[in-house]
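Asks: One structure is given below, represented as structure tokens, and several questions about it will come after.
The values are calculated or read from the model by the stated rules, or taken from the named source; none is laboratory data. Keep in mind that what you see is a predicted model, and the values were worked out from it rather than measured. Heads up, the Cβs are rebuilt from the backbone with ideal geometry, glycines too, and the neighbour counts pull from every protein chain shown.
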Amino acid sequence: MTITLREVKTTRDLKKFIRYPRGLYKDNPYWVPSLFFDDFNTLHWDKNPAFEKSEAKYWMAYRDGKAVGRIAAILNHPFIEKWGDRYLRFGWFDFIDDSEVSSALIGAVENWAEEEELTAVHGPLGFTDLDREGMLVEGFEELGTLAAMYNYPYYLTHMENLGYVKDVDWMEYQITVPSEPIEKISRAATIVKKRLGLSLLKIKKKKDLMLYAMELFHLLDEEYRHLYGTVPLTEAQMKAYVDQYFGFVSVDMVPIVVNPEGEMVAFGIAMPSLSRALQKSQGEILPIGFLHLLKALKQNDIADMYLVAVRSDYQGKGVNALMMEQILRALAARGITIAESNPELETNTAVRGFWKYFEHRQHKRRRCFIKHLHKHLYEPVNPSSG
């Protein structure tokens, strides 16, 4: 039976593209849908400021009129300019367990890469490091999170059969929240406050937190610049992320550290888990999905750790302890007993090493794959060689 690929070019088709995984993962207890409006704002050509400097194409695969797969391809010019690698990204890659389907979808991406004279295809990746990225390769029987995608185990076999190999891995940890303060962390927090004159901002209302939102993203952009696949964020992108996500955050779970001059030198973001709420709402806010989300934000025993950034001149000085102490107090006050670290690069030993102070387990691993194309066709020949 022939596979037909259709490029997504209308808003109506984009909505079908976004909702496709619901049927694929129906009744799967571990899959957590993304927020529909989140994906819509990210993928729509007129919504995401990333399209000012990037291009994207989306395809859906059909057999006998039934959708059997989807894929997105992103030509991320800021990535090419920053890293010097002429790569095309793929993401939002979902498909039934059929090699004809996965081959047709990834083939469309590779064909576009060759048309643009690019040297490789890698992913799953989004427009920026703040989009979902990495294909799950371990932890298929663990509950997913809002920040990371879930996929079936057979995806890995398909990627390998298609000629894709590991480029980098992210690790994820489940941390048991201690019922009592951890002495080493509390002591380190006290020392760093006294030694460096640091303090935690006392923020009680979300509107006050919003005053620091853009500064927070500037710090994040600067300190994440060396991490795999990151691209500089524009002011418009930062504002879009603030509008998209800050409505969910709780001020007690967003510690912001300032120095004696009042400059932000570190921050962390944690939230009550929305996983079960998203499963119930299927990623929709309306008509009653928002009620599930509101309940999850108020009553929960699981939290997600999202982001942490420390200014480079304050790194390695115990600032993480200062932030973690506040987060632990907030989690304990809410009755939260488990925290999910969400993806951390396997090379980021500083962040991953912090979990040694807790009862924890490394329970998931996800991967960015890469396939080098006919590289010699697109790179200039060195005149000095042969």
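Asks: Within segment 308-333, how many residues turn out to be at pLDDT 95 or above and basic (Lys, Arg)?
Replies: Total satisfying the criteria: 1.
Asks: Within 30 Å of residue 235 (Cα to Cα), assigned by TED's automatic domain parsing to the domain that holds residue 347 and under 18 Å from the mean Cα position of the chain (by Cα) - does that describe any residue in segment 205-217?
Replies: Yes, segment 205-217 contains at least one residue that is within 30 Å of residue 235 (Cα to Cα), assigned by TED's automatic domain parsing to the domain that holds residue 347 and under 18 Å from the mean Cα position of the chain (by Cα).
Asks: Which residues, taken from segment 248-259, are surrounded by 17 or more Cβ atoms within 10 Å (Cβ to Cβ) and part of a helix (DSSP H, G or I)?
Replies: Within segment 248-259, 251, 253 qualify.
Asks: Is one or more of the residues making up segment 378-385 at pLDDT below 95 and in contact with a helix residue (DSSP H, G or I) (Cβ under 9 Å, 6 or more places away or on another chain)?
Replies: For segment 378-385, residues at pLDDT below 95 and in contact with a helix residue (DSSP H, G or I) (Cβ under 9 Å, 6 or more places away or on another chain): present.
Asks: Being surrounded by fewer than 21 Cβ atoms within 10 Å (Cβ to Cβ) and closer than 23 Å to residue 122 by Cα is the filter; apply it to segment 345-366 and report the residue that is modelled with the lowest pLDDT.
Replies: Here the answer is 348.
Asks: Do the conditions hold for residue 303, that is, is it of a type in the set (A, V, I, L, M, F, W, C), in contact with a Ser or Thr (Cβ under 8 Å, 6 or more places away or on another chain) and surrounded by fewer than 16 Cβ atoms within 10 Å (Cβ to Cβ)?
Replies: Answer is no for this residue.
Table: residues versus (1) among the polar types (S, T, N, Q); (2) in contact (Cβ under 8 Å) with a residue 60 or more places away in the chain; (3) at positive phi; (4) out of contact with any His (no Cβ under 9 Å at 6 or more places or on another chain).
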| residue | (1), (2), (3), (4) |
| --- | --- |
| 55 | no, no, no, no |
| 59 | no, no, no, yes |
| 71 | no, no, no, yes |
| 79 | no, yes, no, yes |
| 111 | yes, no, no, yes |
| 127 | no, yes, no, yes |
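Results for (1) in the same structural domain as residue 226 (by TED's automatic domain parsing); (2) of a type in the set (Lys, Arg); (3) within 20 Å of the chain's Cα centre (by Cα), shown as yes or no for each residue.
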residue	(1), (2), (3)
26	no, yes, no
38	no, no, yes
42	no, no, yes
68	no, no, no
77	no, no, yes
81	no, no, no
